[in-house]
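Peer 1: A single structure is presented below for examination.
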Amino acid sequence: MVRSRFLARLECLREQFDAAGQDGLLISDPANVRYLTGFSGSFCRLVIGPVGVFLVTDRRYAESAPEEPPVYDLVVASGARYIEAEREAILLSGSRRLGFEPGAISWWELRALEACLSRRSRLLAAGGQVEELRRIKDDLEIAAIRSAVAATEMALTHVLAVAEPGVAERELAAILAADLRRHSDGPPAFEPLVSSGPRTAILHARPSARRMEAGDLLLVDAGATASGLAADMCRTIVVGDPQDGLQARAFAAVREALDAAIAAARPGDPASQVEDAARRVLESHGYPLRHDVGHGVGLDVHESPRLAQDSTEVLAPGMVLAIEPGLYVAGWGGVRLEELVLVTAQGACRLTHLPVSLNVAAG
Ligand code: ZN
Ligand code: ZN
């Protein structure tokens with residue numbers, strides 16, 4: 001069952017080769033290798049050619065027997081001599097016009113391959129082919145993302161409940177990271193972001209030693225993984241009772257922008273329209289939108305499509321999107337809310353269940 005899924009993906013990929021003038025593809029991006037084969041080791045190169053599919057890895061992974069016969073033949077690299085193993089895999093694959101991923105291969109590795117292949121095989125830049133396939137999720141991927149969301153929500157529920165005056169951002173981040181691991185089968189999708197008080201205005205704030213005070217805003221952005229697929233969610237709450245009316249007004253503006261952006265994520269429409277919807281709402285409340293309003297989520301926590309004003313992509317059923325409007329006022333603080341949605345034929349449907357509320361007790 002799983003094997004047939006990988007074979008089908010490889011077939012879809014091969015269908016792109018002719019039009020691009022290739023007869024093969026060298027894949028260096030580990031998430032792309034995992035998508036096509038299920039292999040999740042940290043060192044891998046995949047060569048797809050007319051004769052076969054070959055995975056280059058090192059001895060650490062040579063022993064681990066997969067549950068089903070793999071969709072590739074293994075070429076094991078010894079020590080640092082993996083260029084030789086890659087060359088062998090390329091020759092075995094029979095490819096003479098081999099695409100490579102410009103964004104995922106080092107200049108050094110490309111030059112070394114060109115030198116050792118000489119005139120046997122030509123290397124051609126061919127980025128984005130696997131990413132194009134990965135944009136649309138199948139049922140198994142959507143089920144895994146739902147599991148990652150469930151784990152994230154358990155972790156967020158716990159952390160928001162224990163967020164009290166006197167607790168440091170770092171302490172909360174440590175609890176969050178442990179919970180994300182405990183509730184799922186893989187590492188967190190990214191290092192959780194926890195910021196409080198005026199630090200919530202910092203877009204990508206690393207957790208600090210700052211201890212929360214009553215009435216502080218608290219922003220928590222985190223995601224678990226399940227079977228390699230990520231979740232990505234953000235909540236902003238107030239610790240204790242709200243300090244001023246501005247907190248409630250800012251929160252209401254971001255929640256309205258979130259709802260408008262989700263409603264705008266319709267199949268067949270441009271991805272940029274999701275950002276337009278959020279921007280219009282925030283601007284009507286007097287706030288600018290300072291970052292992209294969202295992104296695709298899958299094996300990578302940020303992947304295609306980008307939900308931004310300059311995005312040229314079109315939404316389609318099967319895309320999983322993180323939508324995350326926010327507003328940030330230096331010296332005062334910020335509010336960001338992030339939900340995961342699945343684009344369906346009928347429109348976007350939320351994969352998340354955690355209440356969107358400024359006050360946890362009122363949740
Ligand atoms: Zn996030
Ligand atoms: Zn995100």
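The values are calculated or read from the model by the stated rules, or taken from the named source; none is laboratory data. In this text, all values refer to a predicted model and were calculated from it rather than measured experimentally. In this analysis, Cβ positions are derived from the backbone assuming ideal geometry, glycine residues included, and neighbour counts consider all displayed protein chains.
Peer 1: Against the condition among the basic types (Lys, Arg) and exposed (fewer than 13 other Cβ atoms within 10 Å of the Cβ), how does ARG119 come out, does it pass? Give the derivation first.
Peer 2: Values: among the basic types (Lys, Arg): yes; exposed (fewer than 13 other Cβ atoms within 10 Å of the Cβ): yes.
In short, yes.
Peer 1: Criterion first (at pLDDT 95 or above and farther than 25 Å from ALA345 by Cβ) does LEU289 satisfy it? Can you show your working first?
Peer 2: Values: at pLDDT 95 or above: no; farther than 25 Å from ALA345 by Cβ: yes.
When the stated conditions are applied, LEU289 does not pass them.
Peer 1: Ok, one more. Filter region 275-294 down to the residues that are within 13 Å of ligand 1 (Cβ to nearest atom) and surrounded by fewer than 23 Cβ atoms within 10 Å (Cβ to Cβ), then identify the one that is nearest to ILE262 (Cα to Cα). If you could, list the steps in order and put the result at the bottom.
Peer 2: To start, the set of residues in region 275-294 that are within 13 Å of ligand 1 (Cβ to nearest atom) comprises 291-294.
Next, only the ones that are surrounded by fewer than 23 Cβ atoms within 10 Å (Cβ to Cβ) stay: 291-292.
Details: HIS291: 16, ASP292: 14 Å.
So, considering only residues that are within 13 Å of ligand 1 (Cβ to nearest atom) and surrounded by fewer than 23 Cβ atoms within 10 Å (Cβ to Cβ), the one nearest to ILE262 (Cα to Cα) is ASP292.
Peer 1: If you don't mind, there's one more thing I want to ask. Go through region 272-343 and tell me which strands (runs of 3 or more DSSP E), entirely inside it, have 2 or more residues that are in contact with a Leu (Cβ under 9 Å, 6 or more places away or on another chain) and without any contact (Cβ under 8 Å) to a residue 12 or more places away in the chain. Break it down stepwise before answering.
Peer 2: Working: elements: 294-296, 303-307, 320-323, 326-329, 333-336.
No strands (runs of 3 or more DSSP E) qualify here.
Peer 1: Something else about it: Name the residues in region 180-223 that are hydrophobic (A, V, I, L, M, F, W, C), crowded, with 24+ Cβ neighbours inside 10 Å and under 22 Å from GLY166 (Cα atoms), would you?
Peer 2: Pass one, region 180-223, residues hydrophobic (A, V, I, L, M, F, W, C): 180, 189-190, 193-194, 201-203, 205, 209, 212, 214, 217-220, 222.
Going one step further and asking which of them are crowded, with 24+ Cβ neighbours inside 10 Å, we end up with 180, 189, 194, 217-220, 222.
VAL194, LEU217, LEU218, LEU219, VAL220, ALA222, listed by residue number.
Peer 1: Quick check on my filter: what residues within region 120-150 are assigned to a loop (DSSP other than H, G, I, E, B) and over 12 Å from LEU26 (Cβ atoms)? Before you say what the answer is, go through the steps one by one.
Peer 2: Just the residues of region 120-150 that are assigned to a loop (DSSP other than H, G, I, E, B), to begin with: 120-121, 126-128, 135-138.
ARG120, GLY128, ARG135, ILE136, LYS137, ASP138 - these are the residues of region 120-150 that are assigned to a loop (DSSP other than H, G, I, E, B) and over 12 Å from LEU26 (Cβ atoms).
Peer 1: Next question, about the same structure. Taking region 321-350 on its own, how many of its residues are over 19 Å from ALA248 (Cβ atoms) and within 14 Å of ligand 1 (Cβ to nearest atom)?
Peer 2: 8
Peer 1: Considering only residues that are in a loop (DSSP other than H, G, I, E, B) and either within 14 Å of ligand 2 (Cβ to nearest atom) or outside the structural domain of ALA155 (by TED's automatic domain parsing) (or both), which ones fall in region 223-264?
Peer 2: Of the residues in region 223-264, the ones in a loop (DSSP other than H, G, I, E, B) are 223-224, 227-228, 231-232, 239-244, 264.
Those that are in a loop (DSSP other than H, G, I, E, B) and either within 14 Å of ligand 2 (Cβ to nearest atom) or outside the structural domain of ALA155 (by TED's automatic domain parsing) (or both): GLY223, ALA224, ALA231, ASP232.
Peer 1: Follow-up. Quick one: count up the residues across region 238-271 that are under 23 Å from PRO198 (Cα atoms), surrounded by fewer than 24 Cβ atoms within 10 Å (Cβ to Cβ) and of a type in the set (Val, Ile, Thr).
Peer 2: Within region 238-271, residues that are under 23 Å from PRO198 (Cα atoms), surrounded by fewer than 24 Cβ atoms within 10 Å (Cβ to Cβ) and of a type in the set (Val, Ile, Thr) number 2.
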